[in-house]
Amino acid sequence: MPLRVLRAGYGAPVDESLFPDPHALNAQEGLPRVLEVLRGKRIAVLTGAGVSTPSGIPDYRGPGAKPRSPMTYQEFMGSVASRRHYWARNQYGWHFVARAQPSAAHEALARLEAAGLVDGIITQNIDRLHQKAGSVAVVDLHGTYAWVLCTSCSSRFPREQVSRYLDELNPGFYDGMASADDIEYAPDADATVEHTGGFRVWDCPVCQGVLKPDVVFFGENAPSHRVALARRLVARSEALLVAGSSLTVNSGRRFVRQADREGIPVVIVNHGVTGGDSMATVKVDAPVGEFLADLGEHLTA
C-alpha cells in the first residue's frame with residue numbers, strides 16, 4: 001500500500017485575532033524606536049521559527065500552524081514501535097530541512113555579526129540556517145538536524161551517514177510517495193507518514209544503544225551547557241533582540257526574563273503576540289526578514 005503523507009503542522013490552534021499584535025508598533029513606527037535602543041550596544045539575539053518560515057520551514061504557532069501532537073522523549077525511548085514510527089517520518093522529512101536556504105533574516109543577522117554589532121545568536125531552531133548564512137557565534141539551544149546521538153554511550157554520527165544506513169535497511173520504503181512538491185513537514189523535520197510499521201531502525205554501532213536525532217524532544221530539557229552558554233551571552237550583552245519567536249515556552253522566554261532582571265533592554269520583533277511582550281522595551285509586529293534587513297542597513301550606516 002502506498003504511503004500517505006499528510007500536511008504536517010505543529011502546535012495548538014491559535015486565535016488569529018492575535019495576528020498582528022494590536023498593541024505593538026508596526027515596522028515604520030518601530031524602526032526608529034528600535035534604533036534608539038540598539039544603536040551603539042553589544043547585541044545578543046534570540047531567534048525562533050519565524051526567521052525560517054520564509055525559507056520554507058513551517059512555524060510552530062503562527063496563524064497557519066496546524067495542530068499536531070509531537071512525539072515526546074518518553075514515548076521515543078519507551079518502545080521500538082515508537083522509534084520505528086518516528087524514524088520513518090523523520091527520515092523522509094529531514095531532507096527538506098537540509099535543503100532549505102537562509103532567509104533575509106538569517107542574512108541580516110550574519111551581516112550584523114560580521115560588522116561586530118551582534119555578539120552572538122541563541123536559536124531555538126534546529127535548521128542550521130544561521131550557520132549557512134555565515135553566522136559563527138551561534139548557540140543551537142535545541143540541537144540540530146545534522147547530528148545523531150547515542151542515548152547510551154553519547155557517540156555522535158553525521159545525519160548523512162545515518163540516513164544512508166536507514167536507506168539501505170529500508171529499500172523501496174518510500175516508493176509511491178506523493179510528489180515532494182505536495183508535501184509539507186514540521187519544523188522538527190517530521191513528515192506525517194502513515195503505515196510505518198515495517199520501517200527498520202539502526203542502532204548505535206558502538207554499543208547497540210538507542211539512536212536519536214541530536215535535538216531536544218518534548219519532555220526533554222535543553223542540555224545544561226548550552227543553556228549556560230546562552231545565559232552568558234545575554235549577561236555580557238547590552239541589549240537583547242528577539243526575532244521570530246512566540247516565546248510561548250520557557251526554553252526561550254527564560255532569556256527574556258534574565259535580561260529583564262538584569263536591566264538589559266529587550267526588543268521583540270515578531271508577527272503576533274508573544275509570551276514576553278510585558279518585558280519588552282520595544283515590541284514590533286512586522287515581517288521579521290524585511291525589518292531586520294532595514295535595521296541592519298541603519299545600524300551599519
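Miscellaneous remarks
- The chain: antiparallel DSSP beta bridges as a percent of all, rounded to 5: 30 percent
- Counting only alpha carbon atoms, the long axis of helix 224-235 and the longest principal axis of the chain meet at about 10°.
- The Glu262 and Arg84 beta-carbon pair, evaluated with R₀ = 45 Å, returns a calculated FRET efficiency of approximately 0.45.
- Label corresponding to Cα Rg over 2.2 N^0.38 Å when calculated from the structure given, among (i) 1.67; (ii) 1.29; (iii) 1.03: (iii)
- Full extension of the chain segment joining Phe19 with Asn250 gains 81.0 nm, where the gain is 0.36 nm per residue of separation less the Cα-Cα distance.
- Estimated inter-spin distance, Ala115 and Ser278, nm [label 7 Å along Cα→Cβ]: 3.5 nm
- FRET E, pair Ser154, Ala228, Förster distance 22 Å, beta-carbon r, rounded to 0.05: 0.75
- Gaussian network model of the chain, springs between alpha carbon atoms under 10 Å - residue of Gln208, Gln91, Gln258 with greatest fluctuation: Gln208
- Computed over the chain, the per-residue total of -39500 (n - 2.57) for DSSP H runs of n ≥ 4 gives a 222 nm mean residue ellipticity of -10000 deg cm²/dmol, rounded to 500.
- Basic side chains Lys and Arg get +1 at the Cβ, acidic Asp and Glu get -1 at the Cβ, and with that the dipole of segment 189-301 about its Cα centre reaches some 540 debye.
- Axis of helix 159-169 versus longest Cα principal axis of the chain: the two differ by about 20°, to the nearest ten degrees.
- Net charge, Val256 excluded, C-beta distance under 14 Å - Lys, Arg +1, Asp, Glu -1: +3
- Taking the C-alpha atoms only, the angle from helix 288-299 to the longest principal axis of the chain is near 40 degrees.
- At R0 = 45 Å, FRET efficiency that the Cβ-Cβ distance of Thr72 and Ala301 yields, to 0.05: 0.40
- In range of the label at Glu290: residues from segment 21-62 whose backbone nitrogen is under 11 Å from the point 7 Å along Cα→Cβ: 27-28
- Here the chain exposes an accessible surface that is 50 percent carbon and sulfur, computed with a 1.4 Å probe and the other protein chains kept in place.
The values are calculated or read from the model by the stated rules, or taken from the named source; none is laboratory data. Since we're looking at a predicted model, the values are computed, not measured. Neighbour counts run over all protein chains shown; Cβ positions are idealised from the backbone, glycine included. Please note that ligands, DNA and RNA were not included when accessible areas were found on the heavy atoms of the full protein model with its side chains. Shrake-Rupley method; radii C 1.70, N 1.55, O 1.52, S 1.80 Å.
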